[in-house]
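Some notes on the structure that comes next.
Please treat every number below as a calculation from the coordinates, not as lab data. Because the structure is a prediction, the values reported are computed rather than measured. Using ideal geometry, Cβ is built from the backbone for each residue, glycine included, and neighbour counts are taken over all protein chains shown.
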Amino acid sequence: MTLAKQPSETEQVVLSLEGVTMKIAGLVALDDVTFSIPAGQIVSLIGPNGAGKTTAYNVISGYMPPTSGKVRLFDEDITGHTPHSIAARGLVRSFQRASVFDDQSVFDNLLTAYHLQGRASLIQSLLRLPKFRREEEQLKTKVWEMLDFLELRRRADERAASLSYGEQRILGVGIALAASPKILLLDEPAAGLNPSETDEFKAMIRRIGNSGITVLLVEHDMHMVMSISDQIIVLNQGRVIAEGAPKDIQNNPAVIEAYLGSGVKRA
Amino acid sequence: MNWTFFGIFVTFLGIFPFVWPDPYILSVIGSAGIMIIAAISLNLLLGYTGQLSLGHAAFFGIGAYASALMSLGFDVDIGFGITWQVDPKPVWVAFATAIVVTGFFGWLVGKLAFKVRGAYFVVITISFAQVMRMISLNWTDLTEGPMGMISIPPFSLWIPGEGVVDLTSKAAIYWLVLAVGVLAYLLVAMLVNSRQGRAMIALRENETLATSVGIPVTYYLALAAVISAAIAGAAGGLYAHTVRIIDPDVFLFIYTVTMVIMVVAGGKGTLGGPVVGGLIFGLMPELLRGVVQPEVQWVIYGITMILILLFLPRGLVPAIYDFITWIRTPIAIPVRESRRALAAEAKS
């Protein structure tokens, strides 16, 4: 639990991909992708449309087994594990769409998301034994704390689907956080947000990073990416074409070519 | 859920036979009660995990046959020169065995069927019920085939002062069904309001998101299938020992459809839904019997169902909740706002 929070462990690698290749119906979506993510950092994965960012997410979080290569989480090979077992090991993702349980209240959304924290057995639940009651109380306290962290306390009783788009995205991240991740994968969290919502979102990602959780971010909003990332990884056509600090990436000719096409010199 | 209301309702049902000891009425409510228990079990799968099982009558039938066979005993040649012989067991033991056996079948069907979803799941469950019906029709050594099984022993109970009594009177059967029904209701109520139940609801709402927070899909779907099948099996066992004659018709598709109608009209995914739907559609044919021709009965039955689904697509119970909320809302309008609205109205 505390691994990522100790400063001496900052050099530790949380997640690494080793030669991951993913072929989907003949299309090479990921081609020998290798990178690693150090603990406690905010890392962004960027690239033009179709570069393979979402595929990379699906492979990492277990929704698609890779054609070849390995995914390691804290030195453990998690290639081919199911999403729920990967989540139980501390890697949790949020989704671009459908990021909340629409028909449930905001409170119940988070209560459901605390599933992994629960230990009460079926019998204890059915008979309402003391352990179950104590655990329910603890989980509810945690939900209120999370609502405060997300600044959604006053929305607790509303249906998730009735929240504004920005609030739904925030709740989506809250659901992922409730699974107590050591590394959190966010898939275009700021897509469709207005500038002030984006700012709120950026602040929240910083708060998450400061609490010791490693964050991997796929994002198109370059202002956001450049301002909050410690490190950036650039994918193009399934390959890693650059890796480094935001400043270096901005001046990298390969990256500029990927985004703007060749023949355009740095402005 | 309002537990006070639940208590009052159950007490009312409990003292009903004293108020109105008409055996005909009690037996009608008793049979409706058995269908309501089956509907409660279906609601767990259909309403809470979102899986439409159109073979639910199979679990009901398995429960009925298993309980009947255990209580009567059987002696059957299962091939390879092996005979399987079971001596008659006490009815309560047979009933408990039937619940376990049906739970096992639930697990089996869950394991096989949850690899697929949607229409494929529906087809597998329908086929399962058909296969069960074929077995009960054709394995005459075991099930007596279309002749059905007769003289199934009734439940018996030790009552202080009276000794062991056979539960054959209409009132006794009524109370027995009520007791099992309350247990089934409480089981589902406790389940869906727990961590395990929340996981099931999460799978209905958004399976991808549910797995992302660490909810194992197959485990919870199988768990729901086992509990649901076991409750349906209990309903089947009740049927076998109260009606005391069963035939392969217990596997008929129409029984599954009846359960689905009860759940959907009452409100799937609500605890009260199957009870309300079951009371309406279980009692309606009997209530209409003396009033209109049988043909007209079924027309009214169909029209009621269509009207409910047309105007209250989520079912009766959610509609009642909405209505209560609606009555209570006007208070929520801020005074200043409503004054302004009134002023604007007055001007125009």
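Find the centroid of the Cα atoms in the range A:108-178 and in the range A:202-267, then give the distance between the two in whole Å.
Each part's Cα centre sits 33 Å from the other's.
What value, in deg cm²/dmol to 500, does the helix sum -39500 (n - 2.57) over DSSP H runs of n ≥ 4 give at 222 nm once divided by the residues of chain B? Mind dumping the intermediate values first?
Numbers: 15 runs with 244 residues, N = 348.
Calculated from helices alone, the mean residue ellipticity at 222 nm is -23500 deg cm²/dmol.
Residues with amide H under 5 Å of A:Ile241's amide H, sequence separation 5 or more or different chain, H placed in the peptide plane at 1.01 Å from N; which?
Placed amide hydrogens put A:Val234, A:Leu235, A:Asn236 under 5 Å from A:Ile241.
Helix A:195-210 versus the longest principal axis of chain A: what angle, 0 to 90°, nearest 10, using Cα atoms?
80 degrees
Can you compute the charge dipole magnitude of chain A about its Cα centre, using +1 on each Lys and Arg Cβ and -1 on each Asp and Glu Cβ, nothing else charged? Give it in debye, rounded to the nearest 20. Show your work: numbers first, answer last.
Working: 28 positive and 31 negative charges, 84 e Å.
Magnitude of the dipole: close to 400 debye.
Which order do A:His115, B:His56 fall in if you start with the one that has the fewest other Cβ atoms within 10 Å? Each step should come with its number before you reach the end.
On the way: A:His115 24, B:His56 29.
Listed from fewest to most nearby Cβ atoms, that is A:His115, B:His56.
Lys/Arg Cβ at +1, Asp/Glu Cβ at -1, dipole of chain B taken about the Cα centre: which of B:Gly163, B:Phe80, B:Leu310 is farthest positive-ward?
Checking the options against the dipole of chain B, the answer is B:Leu310.
Sort B:42-53, B:214-225, B:242-253 by the packing proxy (mean of other Cβ within 10 Å over each peptide's residues), most packed first.
Working: B:42-53: 25.8, B:214-225: 21.5, B:242-253: 18.6.
Answer by packing, highest mean first, reads B:42-53, B:214-225, B:242-253.
For the range A:62-77, in order, what is each residue's ³J(HN,Hα) by Karplus, 6.51 cos²θ - 1.76 cosθ + 1.60 with θ = phi - 60°, in whole Hz (x at glycine and Pro)?
x, 6, 9, x, x, 5, 8, x, 10, 10, 10, 10, 6, 6, 9, 6
Compute the acute angle (0 to 90°) between the alpha-carbon long axis of helix B:335-347 and the principal axis of greatest extent of the alpha-carbon atoms of chain B; round to the nearest 10°.
Orientation of helix B:335-347: about 60 degrees from the principal axis.
Long-range amide H contacts for A:Leu216: which residues qualify at under 5 Å (H placed 1.01 Å from N, peptide plane, sequence gap of 5 or more or a different chain)?
A:Val43, A:Leu184, A:Leu185, A:Leu186
Please state the shape class of the range B:1-95: rounded when a/c is under 1.5, otherwise prolate if a/b exceeds b/c and oblate if not, all from the C-alpha gyration tensor. Working shown, then result.
Details: a/c = 3.04, a/b = 1.62, b/c = 1.88.
Judged from the Cα gyration tensor, the range B:1-95 comes out oblate (a/c at least 1.5, b/c at or above a/b).
Could you tell me the relative contact order of chain A? Use alpha-carbon pairs under 8 Å, at least six residues apart, and round to a whole percent.
Working: 464 pairs, mean separation 70.1, N = 267.
Once divided by the residue count of chain A, the mean separation gives 26 percent.
Residues of A:130-143, mean number of Cβ from any other protein chain within 10 Å of their own Cβ, rounded to a whole number? Working shown, then result.
On the way: counts 0, 0, 3, 0, 0, 2, 3, 0, 0, 2, 0, 0, 0, 0.
Across A:130-143, the average partner-chain Cβ count within 10 Å equals 1.
If one takes the longest principal axis of the Cα atoms in chain B, at what angle in degrees, from 0 to 90 and to the nearest 10, does the Cα axis of helix B:170-192 lie?
For B:170-192 against chain B, the angle is about 60 degrees.
Fewest Cβ neighbours within 10 Å first, please rank A:Ser99, B:Ser67, A:Ser227 accordingly.
In increasing order of surrounding Cβ atoms, one gets A:Ser227, A:Ser99, B:Ser67.
Hey, fewest Cβ within 10 Å first, where do B:Tyr65, A:Tyr259 land in order?
Working: B:Tyr65 27, A:Tyr259 14.
Lowest to highest Cβ neighbour count: A:Tyr259, B:Tyr65.
What average number of partner chain Cβ atoms lie no more than 10 Å from the Cβ of the residues making up A:80-86? Could the numbers behind the result be given before it?
On the way: counts 0, 0, 4, 9, 10, 3, 3.
Shielding by partners across A:80-86 averages 4.
Could you work out the relative contact order of chain B, using alpha carbon pairs under 8 angstrom and six or more residues apart, expressed as a whole percent? Don't jump to the answer; show the numbers that get you there.
Working: 523 pairs, mean separation 101.2, N = 348.
So the answer I get is 29 percent.
Starting from the 7 Å offset along Cα-to-Cβ, what nm value, one decimal, do you get for the label separation of B:Asp87 and A:Thr141?
Between B:Asp87 and A:Thr141, the simple spin-label model gives 5.7 nm.
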